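A.B. asks: I am attaching a structure below and will ask some questions about it afterwards.
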Amino acid sequence: MPTLEWIGKSKVVNHHQEVPFRVLERQYSFDEMGKHTEDNGSDNMIIHGDNLEALKALLPQYEGRVKCIYIDPPYNTGNEKWCYNDNVNDPHIQKWLGEVVGKEGEDLTRHDKWLCMMYPRLMLLQKLLADDGAIFISIDDNELYNLKSICDEIFGASCFVSNISWQRTYSTRNDSKGIVNEVEHILVYSKQPGWNPNKLSRTEEMNARYSNPDNDVCAWKSTDAFAPGATTHQGMVYAIQNPFTGVLLYPSNGRCWSLGQDQMFEIMSQWGKYELREIADAQKRASICGVSEAQVKSGVKAIMLSDSVKDAAQKAAAIYNRGQWPLFYFGQGGKGGIRRKTYLDNVGGRVPTNFWPFSETGHTDEAKKEMLTIFDGKTQFDTPKPRRLIEFVLRIAGSEDALILDSFAGSGTTAHAVLNMNKADGGHRKFILVEMGDYADTTTAERVKRVINGYGKGKNAVEGTGGNFSYYELGERLLLADGNLNESIGTDKIRDYIWYTETKKPAVNQQNGNPYFLGENNHTAYYFYYEPDQMCVLDYAFLSTIPEKAENYLIYADRCALSESDLLRFGITFKKIPRDIARV
């Protein structure tokens with residue numbers, strides 16, 4: 001598979017592994033009681049900080065658990081007026097480029113900078129995505145093809161789902177020059193190949209195609225009675241005699257009947273008496289199958305009337321006038337060809353396409369007006385994404401209890417969409433937002449607060465959705481530059497990190513009476529024997545404090561006093577603190 005090369009790529013393809021792991025420090029919680037310092041246990045998070053480090057901090061709890069990711073990264077247009085500097089001249093990004101790419105970063109073109117910024121972030125997002133999850137990335141023409149190339153590398157070309165065209169505007173200015181960009185793009189990738197979206201609700205226009213002319217149990221529409229594949233399904237190519245006219249009816253060239261002969265015989269028998277009979281029609285069947293008469297399958301019988309055509313026609317007419325015709329019926333009042341009834345109840349929802357019109361998903365003007373209503377006529381975001389766009393994403397890619405991540409949170413539209421949908425259908429969707437801008441609290445979190453409580457005045461007043469969240473800052477790094485543990489972050493967070501690095505599972509509260517017990521996984525008991533102010537030694541005294549009998553043990557300590565034979569005899573793997581602590 002061709003890969004994209006750019007200045008600085010070699011320095012960033014594995015940079016996600018070198019990003020220091022920082023803990024998340026909750027600053028406050030918000031719910032129906034307002035803002036307070038007590039932890040309300042909310043699953044919803046808003047994180048202020050560099051999203052590269054924030055994504056790394058989320059791994060222990062959320063790797064492989066995020067059902068839907070939506071991100072709206074900078075489009076790299078070179079427009080300095082954006083609040084999130086759109087040509088990647090944000091000081092946080094510039095500092096990062098200088099540290100990671102080094103002096104090469106001074107000569108990077110605008111596109112190289114953007115790729116250096118995006119690549120490690122996408123690597124971490126791929127790790128966080130669930131096996132049945134999908135990521136949606138908004139972008140325009142400036143970086144579309146570069147983004148497609150690196151996503152093919154990171155997610156795999158086989159996991160590419162679609163390049164969606166979102167109709168971002170509802171009108172075009174008359175003084176516009178050139179070819180007007182009416183759409184933006186949303187690239188969609190899945191974690192595993194073969195991902196399928198949820199179906200959408202059917203429209204009234206779609207349902208209007210269904211009727212009930214025969215007073216059946218529900219509405220239906222007339223569809224083709226044939227299926228492709230006559231050459232490979234020659235046993236499904238044969239004549240059926242029309243009970244109204246006696247005419248022999250065949251599938252069209254290259255086609256076969258859509259059901260097996262046993263099923264077709266049973267359905268035709270609902271119109272009258274039929275039998276299977278050889279009628280020497282090999283030449284006709286060969287023509288339909290596209291083969292020579294010598295090559296056509298032999299011994300395929302026709303479904304023929306047992307009664308005379310006159311008697312069969314009388315019986316069939318009575319059934320036609322009675323109504324509730326069989327699944328396969330005869331058109332033109334019985335004198336035409338065979339048609340199939342497709343029931344509305346069986347067709348399911350609407351399959352999403354790769355064109356999303358503003359009528360269904362909103363437009364930029366709608367989004368800006370909503371922001372102005374929320375913030376009493378003031379907003380620093382000129383072109384936020386409309387809430388309806390994110391809701392559309394969540395309808396096709398989420399579930400009522402899905403975890404949704406947005407690591408370029410901006411004005412907080414994703415959280416607004418989640419809360420709005422939960423209120424509408426009683427769902428329990430959860431959101432995680434990450435925003436590095438200084439407005440993370442004053443705009444991103446503030447919007448979510450107003451959505452929860454309600455906003456607007458008079459006829460523009462919008463009732464609150466209810467809900468809650470907790471607001472976090474990126475804390476100190478867990479492992480210091482010299483490789484030692486940062487004792488100031490607290491032992492509990494270190495324990496959670498150790499458990500994750502060993503099991504790739506979020507921490508759980510497992511207890512067995514030993515304070516150093518982390519838990520048991522796959523028949524192995526894990527212990528982190530650590531105290532900040534003393535030397536902890538794995539010896540017989542410590543073994544005597546272990547209450548359970550496990551097949552294997554993995555024990556961290558400062559030092560081991562057991563011999564290799566003792567470790568082997570007890571099934572113990574010893575890991576030295578901090579030398580053997582893995583870096584995620």
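A.B. asks: Considering only region 484-496, state which residues are touching a residue at least 60 places away in the same chain (Cβ under 8 Å) and closer than 11 Å to Phe528 by Cα.
C.D. replies: Answer for region 484-496, where residues must be touching a residue at least 60 places away in the same chain (Cβ under 8 Å) and closer than 11 Å to Phe528 by Cα: just Asp496.
A.B. asks: Within region 242-280, count every residue that is closer than 15 Å to Phe330 by Cα and under 50 Å from the mean Cα position of the chain (by Cα).
C.D. replies: Filtering region 242-280 down to residues closer than 15 Å to Phe330 by Cα leaves 242-251, 257, 264-265, 267-272.
Cutting the leftovers down to under 50 Å from the mean Cα position of the chain (by Cα) gives us 242, 249-251, 257, 264-265, 267-271.
Counting residues in region 242-280 that are closer than 15 Å to Phe330 by Cα and under 50 Å from the mean Cα position of the chain (by Cα) gives 12.
A.B. asks: Also: What number of residues within region 94-111 satisfy the criterion of being surrounded by 21 or more Cβ atoms within 10 Å (Cβ to Cβ) and assigned to a helix (DSSP H, G or I)?
C.D. replies: Keep residues of region 94-111 that are surrounded by 21 or more Cβ atoms within 10 Å (Cβ to Cβ), which gives 96-97, 101.
Applying the additional criterion that residues be assigned to a helix (DSSP H, G or I) yields 96-97.
Residues meeting the conditions: 2.
A.B. asks: Within region 533-550, which residues are over 16 Å from Asp566 (Cα atoms), surrounded by fewer than 16 Cβ atoms within 10 Å (Cβ to Cβ) and either of a type in the set (A, V, I, L, M, F, W, C) or under 38 Å from the mean Cα position of the chain (by Cα) (or both)?
C.D. replies: Met535
A.B. asks: Of Ala417, Ala397, which residue is touching a strand residue (DSSP E or B) at 6+ places or on another chain (Cβ under 7 Å), surrounded by 22 or more Cβ atoms within 10 Å (Cβ to Cβ), assigned by TED's automatic domain parsing to the domain that holds Ile69 and closer than 30 Å to Leu474 by Cβ? Quick ask: steps written out before the conclusion?
C.D. replies: On the way: Ala417 fails: touching a strand residue (DSSP E or B) at 6+ places or on another chain (Cβ under 7 Å).
Exactly one of Ala417, Ala397 is touching a strand residue (DSSP E or B) at 6+ places or on another chain (Cβ under 7 Å), surrounded by 22 or more Cβ atoms within 10 Å (Cβ to Cβ), assigned by TED's automatic domain parsing to the domain that holds Ile69 and closer than 30 Å to Leu474 by Cβ, namely Ala397.
A.B. asks: Turning to a different aspect of this structure: Could you go through region 73-90 and let me know if any residue there is under 29 Å from Asn163 (Cβ atoms) and not in a loop (DSSP other than H, G, I, E, B).
C.D. replies: Filtering region 73-90 for residues under 29 Å from Asn163 (Cβ atoms) gives 73-90.
Within this subset, residues satisfying the condition of being not in a loop (DSSP other than H, G, I, E, B) are none.
Scanning region 73-90, I find no residue that is under 29 Å from Asn163 (Cβ atoms) and not in a loop (DSSP other than H, G, I, E, B), so the answer is no.
A.B. asks: Kindly indicate whether Asp492 is surrounded by fewer than 19 Cβ atoms within 10 Å (Cβ to Cβ) and modelled with pLDDT of 95 or more. Working first, answer last.
C.D. replies: On the way: surrounded by fewer than 19 Cβ atoms within 10 Å (Cβ to Cβ): yes; modelled with pLDDT of 95 or more: no.
No, not satisfied.
A.B. asks: Which residue pairs have Cβ atoms under 8 Å apart, sit 6 or more places apart or on different chains, and have a first residue in region 1-26 that is under 17 Å from Arg110 (Cβ atoms) and a second that is exposed (fewer than 12 other Cβ atoms within 10 Å of the Cβ) and of a type in the set (Ser, Thr, Tyr)?
C.D. replies: Listed by first residue and then by second, the contacts come to Ile7/Thr109.
A.B. asks: Still on this model: Within region 139-157, is even one residue in contact with a Ser or Thr (Cβ under 6 Å, 6 or more places away or on another chain) and without any contact (Cβ under 8 Å) to a residue 60 or more places away in the chain?
C.D. replies: no
A.B. asks: Specify the residue that is farthest from Pro120 (Cα to Cα); the eligible residues are those in region 24-58 that are crowded, with 20+ Cβ neighbours inside 10 Å and more than 26 Å from the chain's Cα centre (by Cα).
C.D. replies: Per the criteria, the residue is Phe30.
A.B. asks: Hey, can you tell me all the residues within region 86-145 that are under 16 Å from Leu4 (Cβ atoms) and of a type in the set (S, T, N, Q)?
C.D. replies: Thr109, Asn142
A.B. asks: Just to confirm my filter: which strands (runs of 3 or more DSSP E) fall fully inside region 429-532 and include at least 1 residues that are farther than 30 Å from Gly377 by Cβ and more than 31 Å from the chain's Cα centre (by Cα)?
C.D. replies: On the way: elements: 430-435, 469-477, 517-521, 524-528.
Because the criterion is at least 1 residues that are farther than 30 Å from Gly377 by Cβ and more than 31 Å from the chain's Cα centre (by Cα), the strands (runs of 3 or more DSSP E) in region 429-532 that meet it are 469-477, 517-521, 524-528.
A.B. asks: Select from region 136-173 the residues that are among the polar types (S, T, N, Q), assigned to a strand (DSSP E or B) and out of contact with any Pro (no Cβ under 7 Å at 6 or more places or on another chain) and list them in ascending order.
C.D. replies: If we filter region 136-173 for residues that are among the polar types (S, T, N, Q), which is where we start, we get 138, 142, 146, 149, 158, 162-163, 165, 167, 169, 171-172.
Among the residues that remain, those that are also assigned to a strand (DSSP E or B) are: 138, 162-163, 165, 167.
Scanning region 136-173 gives Ser138, Ser162, Asn163, Ser165.
A.B. asks: Being under 26 Å from the mean Cα position of the chain (by Cα) and exposed (fewer than 14 other Cβ atoms within 10 Å of the Cβ) is the requirement here; does Thr353 meet it?
C.D. replies: Working: under 26 Å from the mean Cα position of the chain (by Cα): yes; exposed (fewer than 14 other Cβ atoms within 10 Å of the Cβ): yes.
So Thr353 fits the description; yes.
A.B. asks: If I filter region 144-163 down to residues being of a type outside the set (Phe, Trp, Tyr) and within 12 Å of Ile186 (Cα to Cα), which single residue comes out as surrounded by the fewest Cβ atoms within 10 Å (Cβ to Cβ)?
C.D. replies: Step one: list which residues in region 144-163 are of a type outside the set (Phe, Trp, Tyr), which gives 144, 146-154, 156-159, 161-163.
Okay, now just the ones that are also within 12 Å of Ile186 (Cα to Cα), so 144, 147-148, 161-163.
Details: Leu144: 16, Leu147: 22, Lys148: 18, Val161: 20, Ser162: 16, Asn163: 13.
Here the answer is Asn163.
A.B. asks: Continuing with the same structure: Would you say Tyr320 is touching a helix residue (DSSP H, G or I) at 6+ places or on another chain (Cβ under 6 Å) and surrounded by 15 or more Cβ atoms within 10 Å (Cβ to Cβ)? Break it down stepwise before answering.
C.D. replies: Values: touching a helix residue (DSSP H, G or I) at 6+ places or on another chain (Cβ under 6 Å): yes; surrounded by 15 or more Cβ atoms within 10 Å (Cβ to Cβ): yes.
Against the criterion (touching a helix residue (DSSP H, G or I) at 6+ places or on another chain (Cβ under 6 Å) and surrounded by 15 or more Cβ atoms within 10 Å (Cβ to Cβ)), Tyr320 qualifies.
A.B. asks: Let me ask you something else. Show me the helices (runs of 4 or more DSSP H) found entirely inside region 326-423 where at least 3 residues are charged (D, E, K, R) and modelled with pLDDT under 95. Don't jump to the end; show me each part of the working.
C.D. replies: Numbers: elements: 344-347, 358-361, 364-374, 387-397.
Filter on region 326-423 gives 364-374.
Let's see how each residue does on (1) closer than 21 Å to Phe408 by Cα; (2) surrounded by 15 or more Cβ atoms within 10 Å (Cβ to Cβ); (3) in the same structural domain as Trp356 (by TED's automatic domain parsing):
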{"site": "Leu122", "(1), (2), (3)": "yes, yes, yes"}
{"site": "Lys127", "(1), (2), (3)": "yes, yes, yes"}
{"site": "Ala130", "(1), (2), (3)": "yes, yes, yes"}
{"site": "Ser138", "(1), (2), (3)": "yes, yes, yes"}
{"site": "Gly178", "(1), (2), (3)": "no, no, yes"}
{"site": "Leu187", "(1), (2), (3)": "yes, yes, yes"}
{"site": "Trp195", "(1), (2), (3)": "no, yes, yes"}
{"site": "Ala208", "(1), (2), (3)": "no, no, no"}
{"site": "Trp220", "(1), (2), (3)": "no, yes, no"}
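A.B. asks: Give all pairs with beta carbons closer than 7 Å in which a residue from region 420-431 that is hydrophobic (A, V, I, L, M, F, W, C) meets a residue that is assigned to a helix (DSSP H, G or I); count only pairs at least 6 apart in sequence or on separate chains.
C.D. replies: Listed by first residue and then by second, the contacts come to Met421/Glu391; Met421/Leu394; Phe431/Thr414; Phe431/Ala415; Phe431/Val418.
A.B. asks: Scan (1) at pLDDT 95 or above; (2) surrounded by fewer than 13 Cβ atoms within 10 Å (Cβ to Cβ) for the single condition Val508 breaks and write down its number.
C.D. replies: Failing condition for Val508: (1).
A.B. asks: Could you list, in sequence order, all residues of region 551-572 that are exposed (fewer than 14 other Cβ atoms within 10 Å of the Cβ) and hydroxyl-bearing (Ser, Thr, Tyr)?
C.D. replies: Ser563, Ser565
A.B. asks: Of everything in region 241-269 that's crowded, with 17+ Cβ neighbours inside 10 Å and among the aromatic types (Phe, Trp, Tyr), which residue is nearest to Gly290 (Cα to Cα)?
C.D. replies: Here the answer is Tyr250.
A.B. asks: Please go through region 524-547 and pick out each residue that is in contact with a strand residue (DSSP E or B) (Cβ under 6 Å, 6 or more places away or on another chain) and not hydrophobic (A, V, I, L, M, F, W, C). I'd like the intermediate steps shown before the answer.
C.D. replies: Just the residues of region 524-547 that are in contact with a strand residue (DSSP E or B) (Cβ under 6 Å, 6 or more places away or on another chain), to begin with: 524-529, 536-538.
Across region 524-547, the qualifying residues are Thr524, Tyr526, Tyr527, Tyr529.
A.B. asks: Just the residues that are touching a Gly at 6+ places or on another chain (Cβ under 6 Å) and either assigned to a strand (DSSP E or B) or not assigned by TED's automatic domain parsing to the domain that holds Leu568 (or both), please, taken from region 533-552.
C.D. replies: To start, the set of residues in region 533-552 that are touching a Gly at 6+ places or on another chain (Cβ under 6 Å) comprises 547, 552.
Matches in region 533-552: Asn552 only.
The values are calculated or read from the model by the stated rules, or taken from the named source; none is laboratory data. The shown structure was predicted, so the numbers you read here are calculated from the model rather than taken from an experiment. Every residue, glycine among them, receives a Cβ derived from its backbone with ideal geometry; neighbour counts consider all protein chains shown.
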